[in-house]
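Here is the structure we will look at.
Rule-based calculations on the coordinates, nothing more; no lab input. Just so we're clear, the structure is a prediction, and the values are computed from it rather than from any experiment. Cβ placement follows ideal geometry from the backbone for every residue including glycine, while neighbour counts extend to all protein chains displayed.
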Amino acid sequence: MPVTVPADSERWLWDDCGYRASWAGGVRIEEVELRRVLLPLVTPFRTAFGTETAREALLVRVVTAEGDGWGECVAMSEPLYSSEHVDGAEDVSWRWLLPLLLQADGVDAASVASVLAPVKGHRMAKAALEMAVLDAQLTVAGVSLATHLGATRSVVDCGVSVGIPPSLDALLEVVAGHLDEGYRRIKLKVEPGWDVEPVRAVRERFGDTVMLQVDANGSYGRRDLARLAALDPFDLALIEQPFADDDFEGHALLAREISTPICLDESIGSLGEARRALDAGACSVVNIKPGRVGGLLEAVRIHDLCVARNVAVWCGGMLETGLGRAANVALAALPGFTLPGDISASDRYFDRDITEPFVLRDGRLDVPTAPGVGVRPIPGILEDVTKSSRTMRRHEAAG
């Protein structure tokens, strides 16, 4: 059934390229804080590109005369998922992005991208600043992020991502636990040599009614067409990012050779790349991660494109704290997000989150309704997990 985007209201403008942007009415940013936090993971999380045992995140707080706003950078500790990493994100933010932002007058979320445009790339770092400015704007205005973006649901369906475990028995135990918790979709991380057998084991143990998909994180090549075709009998919802992120032609070839839908993740870094992928026939599903594409506003534009093309989208996760999770939940409440996303409950990853935890209820999470992103860090917990913090003020940027 085709999905339609709600009619635009006064909160939306149109940018110079004809894309949905954000409302006018900028703020004067007085200072920006960069804060590094470290949260141990409940269990190690292994993928094709490495194993995470803790989440080190860069948080951003912008302060205006009217209030403040928070953002979260999704860059990982090492440049393995993408070229960005948390050390680099902090460095480019401090040396280049914060001075540009602090020297600008009348900044709003829609103008952040143009203000920061002189610095090439670094989408994850820029997305964190856009999120913080948008949070500050909406908090002052008393409008929730979900309402501003155009959400049509008050709850969102949740899936869970299962890392590569040490054995099939361990995998089945983990999947059983997540299904008992109520998750509505299971995603298995796969790589060459760990693919057909784990999928078969899960299907044989839990049956065909479980929504199941796999994520390769670009670990296969065109030589693996037959291996990937061997997954067709298992009725997967999709195969996510089987080939390298720049191989649109290879993904299009694979899409013609197998019946399982192809979903792209790392390949989609912008609206333009999403359009190229769809034009090439490289995918029939898109995973949208706001940090990866440069921000929430670009994520909405990609959503709108996919709705217009009748392409399903879902919201990916990057082991976010409650701040980033809140933004993802709000985004996933838009009408085009028709598949469960990787926006699991807080306790999937952390014993203690920096915000009030997101709790799974009947396989869903509630969409925040408070102004702005809808959550705030809990001061005591935030201090406990902080590794470092530094603040740049407006007069320092000007100097």
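Tabulated data for the structure shown
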{"read-out": "Spacing of the two label points (7 Å from each Cα toward its C-beta) at Gln103 and Arg203, in nm", "value": "5.8 nm"}
{"read-out": "Over the chain, volume per residue of the alpha carbon convex hull, in Å³", "value": "128 Å³"}
{"read-out": "Charge dipole (region 147-366, unit charges on Cβ, about Cα centre) - positive-most of Val285, Leu168, Gln213", "value": "Val285"}
{"read-out": "Cut-off 11 Å between beta-carbons: net charge of the residues surrounding Glu66, Lys and Arg +1, Asp and Glu -1", "value": "-1"}
{"read-out": "Net dipole in debye of region 128-208 [+1 Lys, Arg Cβ; -1 Asp, Glu Cβ; about Cα centre; nearest 20]", "value": "240 debye"}
{"read-out": "With 10 Å bins from 0: P(r) over region 147-366, alpha-carbon pairs, percent", "value": "8, 35, 37, 18, 1"}
{"read-out": "Sorted by Cβ density within 10 Å, fewest first, the residues Glu240, Glu298", "value": "Glu298, Glu240"}
{"read-out": "Cα centre as origin, Lys/Arg/Asp/Glu Cβ charges: the chain dipole, Debye", "value": "280 debye"}
{"read-out": "Val196 paired with Ala170, simple spin-label distance in nm, labels 7 Å along Cα-to-beta-carbon", "value": "2.4 nm"}
{"read-out": "Computed [θ] at 222 nm, deg cm²/dmol, the chain (DSSP H ≥ 4; -39,500 (n - 2.57); rounded to nearest 500)", "value": "-9500 deg cm²/dmol"}
{"read-out": "Net charge of neighbours whose Cβ lies under 14 Å from the Cβ of Ala397, counting Lys and Arg as +1 and Asp and Glu as -1", "value": "0"}
{"read-out": "Neighbour-limited loop hits for GluC sites (Glu not before Pro), region 22-100 (at most 14 other Cβ within 10 Å; DSSP other than H, G, I, E, B)", "value": "Glu66"}
{"read-out": "Cα coordinate range in region 133-213, projected on the principal axes (Å, largest first)", "value": "52, 25, 17"}
{"read-out": "Ascending count of other beta-carbon atoms within 10 Å, so fewest first, for His122, His251, His303", "value": "His122, His251, His303"}
{"read-out": "Calculated on alpha-carbon atoms, Rg and Dmax of region 14-169 in Å", "value": "17.6, 58"}
{"read-out": "Residue-wise HN-Hα coupling along region 361-366, computed from phi with Karplus coefficients 6.51, -1.76, 1.60 (Hz; x: Gly, Pro)", "value": "10, 6, x, 9, 10, 6"}
{"read-out": "Separation in nanometres of the label points that stand 7 Å from Cα toward Cβ, at Arg223 and Ser270", "value": "3.3 nm"}
{"read-out": "Fewest-first sequence of Ser344, Ser77, Ser388 by Cβ atoms within 10 Å of each Cβ", "value": "Ser388, Ser77, Ser344"}
{"read-out": "Mean separation of Cα contacts under 8 Å (6+ apart) over length of the chain, as relative contact order %", "value": "22 percent"}
{"read-out": "Centre separation in Å (Cα based) which lies between region 327-399 and region 284-304", "value": "18 Å"}
{"read-out": "Set Lys289/Lys387; Lys126/Lys289; Lys126/Lys387 screened for pairs whose C-alpha atoms are more than 19 Å apart", "value": "Lys289/Lys387; Lys126/Lys387"}
